[in-house]
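The values are calculated or read from the model by the stated rules, or taken from the named source; none is laboratory data. From a predicted model like this one, the values you see are computed outputs, not experimental measurements. Reconstructed Cβ throughout: ideal geometry from the backbone, glycine too, with neighbour counts over all protein chains shown.
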Amino acid sequence: MQEENPSGYGLTLEIGYAKAINKPIILVDEKSDAKSKFSRYFKIVRESSTVVFDNLEEGVELLKKLRHGVIDSLPSRS
């Protein structure tokens, strides 16, 4: 969700499509902790994602581990 595109309709559509075809979804959500109204509306996107990170560094670290074979699959959500 970008400042210049606050509605997020495109993102929501893409996440829904990825979920429908069983593609893994890695979401970085740095906004929900700081903005409760955003968090309320964004909850369905978070729930649809395979794994969610609260900061970009953690998401990038997971991608590096996947790329280098340190891990072979995404962690399951608890």
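Worth a mention:
- For the range 23-39, the set of residues classified as assigned to a helix (DSSP H, G or I) and surrounded by 14 or more Cβ atoms within 10 Å (Cβ to Cβ) consists of 38, 39, listed by residue number.
- Residues located in the range 40-74, provided they are among the small types (Gly, Ala, Ser), exposed (fewer than 12 other Cβ atoms within 10 Å of the Cβ) and within 13 Å of residue 26 (Cβ to Cβ): 73
- Being among the hydrophobic types (A, V, I, L, M, F, W, C), surrounded by fewer than 15 Cβ atoms within 10 Å (Cβ to Cβ), under 29 Å from residue 72 (Cα atoms) and free of Cβ contacts under 8 Å to residues at least 12 places away in the same chain is true of residue 20.
- Among (1) in a helix (DSSP H, G or I); (2) modelled with pLDDT under 90 - the single one residue 46 does not satisfy: (2)
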